[in-house]
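S.K.: The following block contains the structure, expressed as structure tokens.
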Amino acid sequence: MDISFESVNVPLLKKHGFNCVDMHIHTVASDAIITPEMAVKKASKLGCGISITDHNKISSYLKAAKMKKDVLV
């Protein structure tokens, strides 16, 4: 089995009916330097969804979920 560290081809995944989602993102509400707004903006640019996994807080998720309808949060 080969291990690959290539970038994900999001358009190709979408063409085949898949969604790309980063399943582990922390924000300033936890222990990272990225705001929920920055996370949604980057996800929108990449064409993928995000899962905000801050420690013991949901405030960044709530902000991100209200921001853009084209990003799965």
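The values are calculated or read from the model by the stated rules, or taken from the named source; none is laboratory data. None of the values given here were measured: they were computed from a predicted structure. All Cβ positions, even for glycine, are placed from backbone atoms using ideal geometry, and neighbour counts span all protein chains on display. Surface accessibility is based on the protein's heavy atoms, side chains included, excluding ligands, DNA and RNA. Shrake-Rupley method; radii C 1.70, N 1.55, O 1.52, S 1.80 Å.
S.K.: If you place +1 on the Cβ of every Lys and Arg, -1 on the Cβ of every Asp and Glu, and leave all else neutral, what size is the dipole of the chain about its Cα centre, to the nearest 20 Debye?
M.R.: About 440 debye.
S.K.: Further, regarding this structure: Calculate the spin-label point distance for PHE18 paired with ASP2, positioning each point 7 Å from the Cα along the beta-carbon direction, and give it in nanometres.
M.R.: 1.6
S.K.: Provide the solvent-accessible area of LEU46, counting protein heavy atoms only and rolling a 1.4 Å probe, rounded to the nearest 10 Å².
M.R.: LEU46 exposes around 90 Å² with every protein chain in place.
S.K.: In a GNM of the chain with a 10 Å cut-off on Cα contacts, which of ASP22, ASP54, ASP31 has the highest mean-square fluctuation?
M.R.: Evaluated over the chain, the most mobile residue of the options is ASP31.
S.K.: From Cα pairs below 8 angstrom and at least 6 apart in sequence, can you work out the relative contact order of the chain, rounded to a whole percent?
M.R.: Relative CO of the chain lands at 31 percent.
S.K.: Okay, next question. Kindly state, to the nearest 0.05, the FRET efficiency for ASN9 paired with LYS57, given R0 = 25 Å and r defined as their beta-carbon distance.
M.R.: Plugging the Cβ-Cβ distance into 1/(1 + (r/R0)^6) gives 0.15.
S.K.: What's log10 of I(q)/I(0) for the chain at q = 0.14, 0.19 Å⁻¹, Debye sum over Cα points only, no solvent?
M.R.: Treating every Cα as an identical point scatterer, log10 I(q)/I(0) equals -0.47, -0.77.
S.K.: Rank these by accessible area, largest first, 1.4 Å probe: LYS41, LYS63.
M.R.: LYS41, LYS63
S.K.: Here is a follow-up. Roll a 1.4 Å probe over the protein chains and send me the accessible area per residue for the chain in Å².
M.R.: That works out to 78 Å² for each residue.
S.K.: Something else now. Please give the calculated 222 nm ellipticity per residue for the chain, where each DSSP H segment of at least 4 residues contributes -39500 (n - 2.57) and the sum is spread over every residue; nearest 500 deg cm²/dmol?
M.R.: Dividing the helical sum by the residues of the chain leaves -10000 deg cm²/dmol.
S.K.: Quick check: at a probe of 1.4 Å, how many percent of the accessible area of the chain sits on carbon and sulfur atoms?
M.R.: Result for the chain: 59 percent of the exposed heavy-atom area is carbon or sulfur.
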